[in-house]
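Down below is the structure, laid out as structure tokens.
The values are calculated or read from the model by the stated rules, or taken from the named source; none is laboratory data. Please read these numbers as outputs of a predicted model, since none were measured by experiment. All Cβ positions, glycine included, derive from the backbone under ideal geometry; neighbour counts span all protein chains shown. Each accessible area value is taken on the protein alone, full model and side chains, heavy atoms only, with ligands, DNA and RNA left out. Shrake-Rupley method; radii C 1.70, N 1.55, O 1.52, S 1.80 Å.
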Amino acid sequence: MISKETMVKLESGLHARPAAKFVQLSKRFTSKLLVSYNGKSADPKSILGLMALGAGKGSVIVITAEGEDEAQAVDALVDFVQQSE
Amino acid sequence: MKMEIKGIGASPGLAMGYAVIYQKFEISIPDTIPEDVDAEIKKFQSARHESICEVTALFDKMMKDGAGEAAEVFMAHKEILEDEAGFVMPVIERIREKSENAVRAVAHVLNSIVDIFRSMDNEYMQARAADAEDLRDSVVANILGIQKPFMKDNLYSEKKIIVSYDLAPSDTAKLNFDKVEGIVTQSGGTTSHTALLARTLELPAVVGAVGLLEHVKDGDFIVLDGETGKIAVNPDKQEVEEYQKRKDEYIKQKNELREYSGRRSITLDGRQVRLEANIGTVSDVQTAIDNDAEGIGLVRTEFLYMERKELPSEQEQFEAYKRILEEMGDKPVIFRTLDAGGDKSFPGLTLPQEENPFLGYRAIRICLNTPSLFKTQLKALLRAGVYGNLKIMFPMISSLDELRRAKILLEQAAEELSAAGVPHRKKLSVGIMVEVPAAAILADCFAEHVDFFSIGTNDLVQYTLAADRGNPNVADVYTTFHPAVLKLIASTISAAEKAGIECGMCGEAAGDPTLVPLFLGFGLKKFSMSSSSILKIRKLISSLNYEECKRMSERVLQLNTASDIERILKK
């Protein structure tokens, strides 16, 4: 299992416009994924869970992956939220 | 019945056609308990797949229509419909465990999502709540096997005017826009989805038309003016002919003006000026760009403070300012700091009731007295300045002391950002609005302390002539043609020129074809106006001779009455 803490740099936040793309990216990996923010966790393969998490710009989130492609998954998802769109 | 309705112009142009009313779809949840749970789940799944096909088709259609940003919404819709953990499983669970029928289960799951989004304090998520409702209706309609009623496509084969309370993204996407001439909605403002889409597709639209659905019936003949917001219902034949003439004229003019897009604003004898746009919201930037604005001469920052109880945070302001600056690239953008008071009051600011609000506590006077309010805005501006060509100007300056105090607060804001290690703009142009006669009279003095002037004609006229610009009883006193006003404008422009600083104008007069030749003759180099006037004025400038305008302006300054001046200029 791998976890990484990162800050959301996406201008409109992870919960808003970029959410759909984040979900599509997450679905490319077979590992079990989890995004935690503010004491809550959500499955990033579920757009509704991700949107309800409400991680706006500047939020510090933890991305966790467990499975065969866990390393690639965490790196790709961290890279995604690090973009500023 | 013949009548007129007034709304808000949301997308310019004249449109006429037959009303097609789109009612909001109302779902009624059946009370039945499913006998066969598996069959009920199957019903849900096939309805869901139908909805997925619909949104995919809408996505493709929007991409084809060239509305990429609107299309993005449907990508999210598809994800929601395919969301196993957040949508599909909870619905199946409710059908299986609670013996709910599919409609009730879908409504329950999506309604609770709607509530979560609604509770988020963020305009974007509020809109997504509407999306979730939209999806709920789509899946429910498919379960029940009913048609959502917004496809009355065959009712009138052409010349359709869409009439609705409001339009959801999926409604607008399903419309066959080939046959639609215009859109009218009862609710919504200039930044609503309807307004945005109408502008993208260049369809005339009026929003916020109160009383619309009460008075308009299917098939009524409607004429709408997307600029003034006027809607004529069942006008008589003569009126229709007049509108038709105006419409033809409008289209002809628009096509002619298109040719001036991308050109320089230069007179016959080679004097080049800049034509810029006045904007009042972030989405106005697109209209400014579409009309080839050479910059933004005035951002009315008040839009951030309107229709809300709490004041906008620094972060929220920063994001709005940044978007404007980024969209304008390296073109200059002049932000006017908060101009509250006068005729503009905001729920977030408690301002005293005054006998003479225009002569009272307003604009820079409020900001200097409330440094925290002012510094929050200044910090947001300085931070956003990293992303574009930021300029700041202070409104309602009447004394050097006010200017000095405003500049000190600006410096403090910058220092506080530096101390906190926040990236921000270090060097920038700072200017003032010249709209109080005192500032115009002392223009040579002010010119030594600022980087630019922007003449605000609306207030300068009302303060010079002591005539309230909104009072119809003194409307004949209020005139820009008054020699006292014109002398102040001329001397302000020449004071700027002498001091080697920029001078622009951002009042209504800057886009007035009668006055532009005069101001050009005075030596004005920057004209900022509503976006829709830019190409018209560029065409005018291209037909003028600067030296002639200069001679004409000297003659005008010899005249002693507004009526004489007006007569000469209108010749």
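Results, tabulated for the structure shown:
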read-out	value
Hey, A:Ala73 more than 10 Å from chain B (Cβ to nearest Cβ), touching a residue at least 40 places away in the same chain (Cβ under 8 Å) and in contact with a His (Cβ under 6 Å, 6 or more places away or on another chain) or not	no
Residue match in region B:511-522 (condition: of a type in the set (Phe, Trp, Tyr), crowded, with 20+ Cβ neighbours inside 10 Å, more than 30 Å from B:Gly13 (Cβ to Cβ) and free of Cβ contacts under 8 Å to residues at least 40 places away in the same chain)	yes
Search result, residues across region B:450-467 that are part of a loop (DSSP other than H, G, I, E, B) and in contact with a helix residue (DSSP H, G or I) (Cβ under 6 Å, 6 or more places away or on another chain)	B:Ala467
Single match in B:Ile493, B:Ile537 (criterion: open to solvent by less than 40 Å² (accessible area, probe 1.4 Å), closer than 23 Å to B:Val285 by Cα, modelled with pLDDT of 95 or more and among the β-branched types (Val, Ile, Thr))	B:Ile537
Search result, residues across region A:1-31 that are free of Cβ contacts under 8 Å to residues at least 40 places away in the same chain and under 12 Å from the mean Cα position of the chain (by Cα)	A:Ala19, A:Ala20, A:Val23, A:Gln24, A:Lys27
Check on B:Phe481, open to solvent by less than 10 Å² (accessible area, probe 1.4 Å), outside any helix (DSSP H, G or I), in contact with a helix residue (DSSP H, G or I) (Cβ under 6 Å, 6 or more places away or on another chain) and among the hydrophobic types (A, V, I, L, M, F, W, C)	no
Positions within region B:280-326 being within 21 Å of A:Gly58 (Cβ to Cβ) and in contact with a Lys or Arg (Cβ under 7 Å, 6 or more places away or on another chain), in sequence order	B:Val282, B:Glu314, B:Phe318
Among residues of region B:294-332, those that are away from every other protein chain (no Cβ under 14 Å), open to solvent by less than 50 Å² (accessible area, probe 1.4 Å), closer than 24 Å to B:Ile534 by Cα and not aromatic (Phe, Trp, Tyr), counted	11
Residue in region B:448-464 that is over 25 Å from B:Lys525 (Cα atoms), under 27 Å from the mean Cα position of the chain (by Cα) and either of a type in the set (D, E, K, R) or surrounded by fewer than 20 Cβ atoms within 10 Å (Cβ to Cβ) (or both) present	no
Filtered residues of region B:380-426 (kept if under 19 Å from B:Glu326 (Cβ atoms), open to solvent by 40 Å² or more (accessible area, probe 1.4 Å) and either out of contact with any strand residue (DSSP E or B) (no Cβ under 8 Å at 6 or more places or on another chain) or in a helix (DSSP H, G or I) (or both))	B:Val386, B:Tyr387, B:Val422, B:Pro423, B:Lys426
Top-ranked residue of region B:166-185 - restricted to ones that are open to solvent by 50 Å² or more (accessible area, probe 1.4 Å) and touching an Asp or Glu at 6+ places or on another chain (Cβ under 8 Å), ranked as modelled with the lowest pLDDT	B:Asn176
Some residue of region B:53-65 being in contact (Cβ under 8 Å) with a residue 24 or more places away in the chain and polar (S, T, N, Q)	no
Hits in region B:452-471 (condition: modelled with pLDDT of 95 or more and farther than 15 Å from B:Leu488 by Cα)	B:Phe452
Evaluation of B:Tyr18 against (1) surrounded by 13 or more Cβ atoms within 10 Å (Cβ to Cβ); (2) in a helix (DSSP H, G or I); (3) not aliphatic (A, V, I, L, M) (one fails), failing number	(2)
Within region A:17-63, considering residues that are surrounded by fewer than 19 Cβ atoms within 10 Å (Cβ to Cβ) and of a type in the set (Val, Ile, Thr), the one farthest from the other protein chains (Cβ to nearest Cβ)	A:Val62
Failed condition for B:Gly280, given (1) without any contact (Cβ under 8 Å) to a residue 24 or more places away in the chain; (2) not assigned by TED's automatic domain parsing to the domain that holds B:Lys536	(2)
